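Each reported figure results from applying straightforward, stated rules to the coordinates on display, with no laboratory input. Fair warning: this is a prediction, and the values are worked out from it, not measured in the lab.
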Amino acid sequence: MILKDIKYKKGIVMPIVQPIPIVKLPEESSWWNRFKSKFKRKFLYKRKWDLIDDYIFYVPWLDKWIMIPKSFKFDFASVPKILNGIYGSTGLLLYGSLVHDFGYKYSAILFIDPDTNNTYVETWSKSELDQLFNQLNEYETNMKFGTDSAYFGLVLFGSGSWDRHRKNNCQLYKDYENYYEI
């Protein structure tokens with residue numbers, strides 16, 4: 001597929017995203033169900049986001065352009081609520097978390113060749129994606145300590161998310177078949 005009207009910009013480019021509305025239970029639900037729903041939203045819910053446009057950016061140390069296709073749904077950084085004062089899901093970890101969420105879901109990264117506008121896929125392991133997350137965040141923020149501590153948390157606790165996507169058999173070619181040929 002040839003992509004049209006792509007503007008390639010080197011440096012840090014922010015994605016264009018839209019929040020996905022939080023679904024509330026109707027008032028006619030039982031008080032217990034409404035209580036459980038409010039509890040989950042307050043303490044457990046992670047805001048979901050929708051990517052409005054293809055997100056394309058250059059990674060200098062890879063010398064490659066990464067593309068995350070529009071309509072990808074994600075939650076940015078999955079930070080435990082207790083740490084939200086230190087790490088907001090759309091704060092310090094924003095830049096690397098979108099790529100990381102996409103990579104975790106499909107165990108792959110979608111690259112684009114700016115000369116031909118053709119896309120290609122490379123399979124990445126969990127540890128490679130975790131390292132890329134750390135490198136991207138450090139590149140954006142220039143804060144080694146803050147990004148390294150988030151990276152170590154991811155290494156220790158990210159396996160559940162990785163395993164869930166493998167169990168759900170998430171496959172890039174099924175969700176975004178028009179971006180590359182099999």
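At a glance:
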read-out: Residues whose placed amide H lies under 5 Å from that of A108, excluding near-sequence neighbours; value: W124
read-out: Amide hydrogen neighbours beyond the local backbone of F57, cut-off 5 Å, H modeled; value: I66
read-out: Long pairs among K10/K46; K48/K167; K105/K126; K36/K73; K70/K167; K105/K167, criterion Cα-Cα beyond 19 Å; value: K10/K46; K48/K167; K36/K73; K70/K167
read-out: Amide H partners (placed H, <5 Å) of V17, local residues excluded; value: I52
read-out: Largest-first principal axis extents of the Cα set of region 48-167 (Å); value: 45, 35, 27
read-out: Potential extension, D53-F157 segment - 0.36 nm per residue separation minus Cα distance; value: 34.4 nm
read-out: Whole-Hz ³J(HN,Hα) from phi, Karplus 6.51 cos²θ - 1.76 cosθ + 1.60, for region 33-38, glycine and proline x; value: 5, 5, 4, 4, 5, 5
read-out: Backbone HN-Hα couplings from phi across region 148-158 [Karplus 6.51/-1.76/1.60, Hz, Gly and Pro as x]; value: 5, 5, 5, 4, 5, x, 5, 4, 6, 10, x
read-out: Using θ = phi - 60° and Karplus 6.51 cos²θ - 1.76 cosθ + 1.60, couplings along region 129-135 (whole Hz; Gly, Pro as x); value: 5, 4, 5, 4, 3, 5, 5
